[in-house]
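What follows is a short report on a single structure.
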Amino acid sequence: MIVNEQSTQPLPKPYPFSALIGQASLRQALLLAAVDPGIGGVLVSGPRGTAKSTAARSLAELLPDGRFVTLPLGASEERLIGTLDLNEVLRGGAVRFSPGLLAQAHNGVLYVDEVNLLADALVDAVLDAAASGVNVVERDGVSHSHEARFVLIGTMNPEEGELRPQLLDRFGLMVELDNCFDPEVRQQIVKARLAFDSDSEAFRQSFAREQAELSHQLRVARETLGRLAFDDEVHADVSARCIEAAVDGLRADLVMLRAARALAALEQAETVTTRHVERVAQAVLLHRRRELQSQAPDGRTDDDRSRTESTQRPERGSGHQGDGKDMHSMPLSPDASQNAGEDDWGYLPPERAGMTPVKGVIALTPKKR
């Protein structure tokens with residue numbers, strides 16, 4: 001039974017994960033993160049009503065402890081990471097640690113709805129723990145650490161704003177969901193949901209076998225994960241894909257390798273192949289891909305050439321008023337020509353200001369009365 005860690009009341013039993021219809025990319029990403037939480041979690045972006053929270057709750061039931069912890073938007077940092085009671089230390093006792101949500105989510109699922117609206121400090125703390133599996137609490141020179149190995153699932157609606165690129169990159173996988181416009185699939189989803197709402201126990205019982213098999217599959221995958229290695233062909237394929245996507249840093253390479261290994265373990269494959277890499281690459285690169293600038297034979301990119309051309313491009317000036325001449329066509333003095341060619345790169349010659357000669361001067365004097 002899934003228990004809400006923020007209260008003592010048990011949550012209703014969730015919709016079975018094996019009964020989810022459509023959204024194959026989402027189901028695969030969640031299972032990969034469940035096999036290897038070190039991947040860094042899954043960011044799910046999509047409009048309202050695309051089963052983001054339903055899938056997250058369904059995944060928790062497949063894990064050994066079945067924990068499902070929700071991080072609310074208004075949570076404080078102490079509520080998230082926990083607190084240290086230093087009064088006991090001052091009295092000569094040991095440090096007393098009050099666990100937060102990260103400790104409660106250990107071996108379960110930490111769900112963050114509308115993660116793009118969460119304070120950056122909280123997102124940093126969640127992502128650090130998700131990647132390392134350890135939560136460190138420090139206060140006044142006293143520190144405490146504990147295991148925090150959980151499956152991180154963050155959801156967001158792009159209409160409500162984007163996540164900062166620095167935080168976006170730290171999510172291991174990302175899935176973009178779209179509205180379903182296939183009539184047959186929509187009808188299947190609606191019928192299944194109505195059946196679950198009508199009699200959840202009967203509906204869950206009809207998928208009990210599939211749920212048990214999937215839960216067993218996850219346990220076996222976790223046990224065999226460390227025995228799978230990567231050959232040079234897999235490393236070369238991962239490097240080529242990340243270079244082509246022009247990603248920053250090496251996080252994408254590491255996540256892609258771990259995701260491919262998790263997929264191989266989930267399918268009980270003997271080795272990790274480039275086929276596994278191909279099937280996880282989209283979720284790894286979706287939020288990291290950048291436009292690769294074209295490069296000329298001289299090694300300069302488009303931006304380099306644009307900056308050089310804008311610096312060397314002469315500005316058109318007006319000549320003497322009425323003569324219609326371009327002042328840049330006038331010859332330079334010998335000294336100016338020599339300096340422009342040698343020391344002053346980007347030197348612009350002096351321009352003659354347009355002036356109209358005045359033939360006479362009329363003096364105005366005050367009239368005597």
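With the requirement that a residue be at pLDDT below 90 and more than 24 Å from Ser58 (Cβ to Cβ), what does region 147-162 give you?
Glu159, Gly161, Glu162, listed by residue number.
When Glu78 is evaluated against the numbered criteria (1) in a helix (DSSP H, G or I); (2) within 20 Å of the chain's Cα centre (by Cα); (3) surrounded by fewer than 19 Cβ atoms within 10 Å (Cβ to Cβ), which criterion, by number, is the only one it fails?
In the conditions (1) in a helix (DSSP H, G or I); (2) within 20 Å of the chain's Cα centre (by Cα); (3) surrounded by fewer than 19 Cβ atoms within 10 Å (Cβ to Cβ), Glu78 misses (2) alone.
Please indicate, with yes or no, whether at least one residue in region 250-263 is within 15 Å of the chain's Cα centre (by Cα) and not in a helix (DSSP H, G or I).
yes
Could you please let me know if Gly100 is touching a helix residue (DSSP H, G or I) at 6+ places or on another chain (Cβ under 6 Å) and either within 27 Å of Phe17 (Cα to Cα) or buried (at least 20 other Cβ atoms within 10 Å of the Cβ) (or both)? Write out each step before concluding.
Numbers: touching a helix residue (DSSP H, G or I) at 6+ places or on another chain (Cβ under 6 Å): yes; either within 27 Å of Phe17 (Cα to Cα) or buried (at least 20 other Cβ atoms within 10 Å of the Cβ) (or both): yes.
Judged against the criteria, Gly100 is a match.
Of (1) assigned to a loop (DSSP other than H, G, I, E, B); (2) surrounded by fewer than 17 Cβ atoms within 10 Å (Cβ to Cβ); (3) touching a residue at least 40 places away in the same chain (Cβ under 8 Å), Leu62 satisfies all except one. Which?
Going through the list (1) assigned to a loop (DSSP other than H, G, I, E, B); (2) surrounded by fewer than 17 Cβ atoms within 10 Å (Cβ to Cβ); (3) touching a residue at least 40 places away in the same chain (Cβ under 8 Å), Leu62 breaks only (2).
Of (1) closer than 15 Å to Leu110 by Cβ; (2) assigned to a loop (DSSP other than H, G, I, E, B), Thr50 satisfies all except one. Which?
(1)
The values are calculated or read from the model by the stated rules, or taken from the named source; none is laboratory data. Quantities reported herein were computed from a predicted structural model and do not represent experimental measurements. All Cβ positions, even for glycine, are placed from backbone atoms using ideal geometry, and neighbour counts span all protein chains on display.
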